[in-house]
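Asker: Okay, here's the structure, questions in a sec.
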Amino acid sequence: MIIRTKVNLRINIINMKKIIELYNKYKEVINYLIFGGFSTLVNFVSYYIFARTLKIDEVVSSGLSWFCSVLFAYVTNKLFVFGSKKNSKREVIKEMISFFLARIISGALCDVGTFALMVKVLGINDIIAKLITQIMVVIVNYLFSKLFIFKKDKNKR
């Protein structure tokens, strides 16, 4: 019994080391997906508060909740996903504006444009189209963030 417990403990330690190793290898993508899920939650909760609790128009509530979720996404991406070191007021404002513009572009191109094309022109089921476009939005937003908004300064490496 004691031998079996020691073996199980060693296996658990090996598994935990492997999990930590995989997390460290894919930390940025994993954190991006985790905080993206939280951003979605912020969007839904804030929408509910604006529309149902505060009785604000649904369309206005949707816009406000989008703003809240993008602001949350910016902060968490800056701090926990990409680890941006830009701290001056000017740099942060530029970074934040870039982040919001990228989200507007990806929303217009993927979430609205591609969705409309898939549903209205190609006749694809709206739920399937929504799923596909949301995957596209996640990928496009990640690439915008990684390559343009939170890109690492080559001189500071």
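The values are calculated or read from the model by the stated rules, or taken from the named source; none is laboratory data. Keep in mind the model is a prediction, meaning the values are calculated, not measured. With ideal geometry, Cβ positions are generated from the backbone for all residues, glycine too; neighbour counts draw on all protein chains shown.
Asker: Among the residues of segment 102-157, how many are of a type outside the set (Ser, Thr, Tyr) and either farther than 17 Å from Asn77 by Cβ or surrounded by fewer than 11 Cβ atoms within 10 Å (Cβ to Cβ) (or both)?
Answerer: Final tally of qualifying residues: 33.
Asker: A further question follows. I'd like to know if segment 72-82 contains one or more residues that are among the polar types (S, T, N, Q), surrounded by 15 or more Cβ atoms within 10 Å (Cβ to Cβ), under 19 Å from the mean Cα position of the chain (by Cα) and not assigned by TED's automatic domain parsing to the domain that holds Lys25.
Answerer: Checking segment 72-82: not a single residue is among the polar types (S, T, N, Q), surrounded by 15 or more Cβ atoms within 10 Å (Cβ to Cβ), under 19 Å from the mean Cα position of the chain (by Cα) and not assigned by TED's automatic domain parsing to the domain that holds Lys25.
Asker: Could you tell me which residue of segment 74-97 is nearest to Phe50 (Cα to Cα), considering only residues that are in contact (Cβ under 8 Å) with a residue 40 or more places away in the chain and either in a helix (DSSP H, G or I) or touching a strand residue (DSSP E or B) at 6+ places or on another chain (Cβ under 8 Å) (or both)?
Answerer: Only one residue tops the list, namely Thr76.
Asker: Take the residues in segment 24-39 that are in contact with a helix residue (DSSP H, G or I) (Cβ under 6 Å, 6 or more places away or on another chain) and among the aromatic types (Phe, Trp, Tyr), then tell me which one is farthest from Leu147 (Cα to Cα).
Answerer: Phe35
Asker: Between Ser39, Ser65, Ser46, which is free of Cβ contacts under 8 Å to residues at least 60 places away in the same chain, touching a Cys at 6+ places or on another chain (Cβ under 8 Å), of a type outside the set (A, V, I, L, M) and part of a helix (DSSP H, G or I)?
Answerer: Numbers: Ser39 fails: touching a Cys at 6+ places or on another chain (Cβ under 8 Å); Ser65 fails: touching a Cys at 6+ places or on another chain (Cβ under 8 Å).
Checking each option against the conditions leaves just Ser46.
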